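Following: one structure in structure tokens, then a few remarks.
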Amino acid sequence: MKCKIIQDLLPLYCDKLTSQESNEEIENHLQGCDECTEIYESMKQKEDIPKAEDKDIKPLKKVKKKSIIRIIAGFAAGLVLLGTLFAFLFVGVIPASSKDISVSYSGEILEDGSVSINFNLVTDKERCIGTRGEDRIYSTLENPDVFIQEVSVKPYLVFALPFDNRGKNPNEASLGVVVAPDTEFTEADVFEIEFRDKTVTYNLKDIAEELGLQ
């Protein structure tokens, strides 16, 4: 075969697409033709290069994927850490100790005849007082017309947020309990302050009688 024909068949020969007869003709020609042999060797090298690159690229892809996962995991961990720190400093996670907050109470009869008892929480720490709690009002089967109040409050010492408006005395917090006109506090009406170290319970009827409100 002429060199031109052999060179046209070499790409097919490299891909093993030629017939057995053609293979024998090509191989016999290559043994005696340096020019076609050089072209054939060049084709073989070009085929081998992408395979080597594929082997090298796969580990690189794995490394790149692991790096992205680590970056995302580190970013998520940073957000969790910042969120936790923000909650501790500005929102309050652990209630304040009873040693850090003093409690006083006062009361008054409002214009409509309602009786109000106010609890004032003050700290000498350079912090703001924040509170969270719940107020339960219910009646019993024995006395369906008498409503019982149970107020539970948790105080927290936190820092003020930028542009936070907590009034002139952010180290104080005032909380009130009211009963309607012609109604009296009962033995079951309580105001609880849940400190970190203990829970202090105030009986509202005793306080109302002490203050001369009923």
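The values are calculated or read from the model by the stated rules, or taken from the named source; none is laboratory data. Being a predicted model, the structure only gives us computed values, none of them experimental. Cβ coordinates were reconstructed from backbone atoms using ideal geometry, including for glycine residues, and neighbour counts include every protein chain displayed.
Of all the residues that make up the stretch 109-158, how many are assigned to a strand (DSSP E or B) and among the acidic types (D, E)? Working first, answer last.
Applying the first criterion (assigned to a strand (DSSP E or B)) to the stretch 109-158 yields 109, 115-123, 128-139, 147-158.
From what is left, the residues that are among the acidic types (D, E) are 134-135, 150.
Qualifying residue count for the region: 3.
Could you check T186 against (1) more than 21 Å from V93 (Cβ to Cβ); (2) in contact with a Ser or Thr (Cβ under 8 Å, 6 or more places away or on another chain) and say which number it fails?
Unmet for T186, out of (1) more than 21 Å from V93 (Cβ to Cβ); (2) in contact with a Ser or Thr (Cβ under 8 Å, 6 or more places away or on another chain): (2).
Identify the single condition in (1) farther than 22 Å from E187 by Cβ; (2) in a strand (DSSP E or B) that K99 does not satisfy, given that it satisfies every other one.
Result: K99 fails condition (2) only.
Among the listed residues G167, G113, G212, identify the single one that is surrounded by fewer than 13 Cβ atoms within 10 Å (Cβ to Cβ) and in contact with a Pro (Cβ under 6 Å, 6 or more places away or on another chain). Walk me through how you get there before you give the answer.
Working: G167 fails: in contact with a Pro (Cβ under 6 Å, 6 or more places away or on another chain); G212 fails: in contact with a Pro (Cβ under 6 Å, 6 or more places away or on another chain).
Sole residue among the options that is surrounded by fewer than 13 Cβ atoms within 10 Å (Cβ to Cβ) and in contact with a Pro (Cβ under 6 Å, 6 or more places away or on another chain): G113.
Need pairs with beta-carbon distance below 7 Å; first residue closer than 15 Å to R132 by Cα and within the stretch 81-97, second in a helix (DSSP H, G or I); sequence gap 6+ or separate chains.
V93/A87
Can you report the number of residues in the stretch 31-59 which are modelled with pLDDT under 80 and in contact with a helix residue (DSSP H, G or I) (Cβ under 7 Å, 6 or more places away or on another chain)?
2
Mind checking which residues of the stretch 126-167 are touching a Leu at 6+ places or on another chain (Cβ under 6 Å) and charged (D, E, K, R)?
The answer is R127, and nothing else.
Which one of the conditions (1) at pLDDT 90 or above; (2) farther than 23 Å from D112 by Cα; (3) assigned to a loop (DSSP other than H, G, I, E, B) does A173 fail to meet, given that it meets all the rest?
(3)
How many of the residues making up the stretch 184-208 are surrounded by 14 or more Cβ atoms within 10 Å (Cβ to Cβ) and in contact (Cβ under 8 Å) with a residue 24 or more places away in the chain? Spell out how you get there, then give the answer.
Initial filter on the stretch 184-208 (surrounded by 14 or more Cβ atoms within 10 Å (Cβ to Cβ)): 184-186, 188-196, 202-205, 207-208.
Adding the requirement that they be in contact (Cβ under 8 Å) with a residue 24 or more places away in the chain leaves 184-186, 188-196, 202, 204, 207-208.
Residues that pass the stated criteria total 16.
Report whether or not L161 is of a type in the set (A, V, I, L, M, F, W, C), in a loop (DSSP other than H, G, I, E, B) and in contact (Cβ under 8 Å) with a residue 60 or more places away in the chain.
Judged against the criteria, L161 is a match.
Within the stretch 1-32, can you find the residues that are of a type outside the set (V, I, T) and touching a residue at least 24 places away in the same chain (Cβ under 8 Å)? Break it down into steps so the answer makes sense when it comes.
First, the residues of the stretch 1-32 that are of a type outside the set (V, I, T): 1-4, 7-17, 19-25, 27-32.
M1, C3, Q7, L10, P11, Y13, C14, E25, H29, L30, listed by residue number.
Name the one entry in V153, V190, V178 that is within 31 Å of the chain's Cα centre (by Cα) and assigned by TED's automatic domain parsing to the domain that holds C128.
V153
For V122, state whether it is out of contact with any Gly (no Cβ under 7 Å at 6 or more places or on another chain) and within 18 Å of L213 (Cβ to Cβ). Show your work before the answer.
Working: out of contact with any Gly (no Cβ under 7 Å at 6 or more places or on another chain): yes; within 18 Å of L213 (Cβ to Cβ): no.
Considered against the rule, which asks whether it is out of contact with any Gly (no Cβ under 7 Å at 6 or more places or on another chain) and within 18 Å of L213 (Cβ to Cβ), V122 comes out as no.
Does F147 satisfy being buried (at least 17 other Cβ atoms within 10 Å of the Cβ) and on the phi < 0 side of the Ramachandran plot? Please lay out each step first, then the result.
Numbers: buried (at least 17 other Cβ atoms within 10 Å of the Cβ): no; on the phi < 0 side of the Ramachandran plot: yes.
In short, no.
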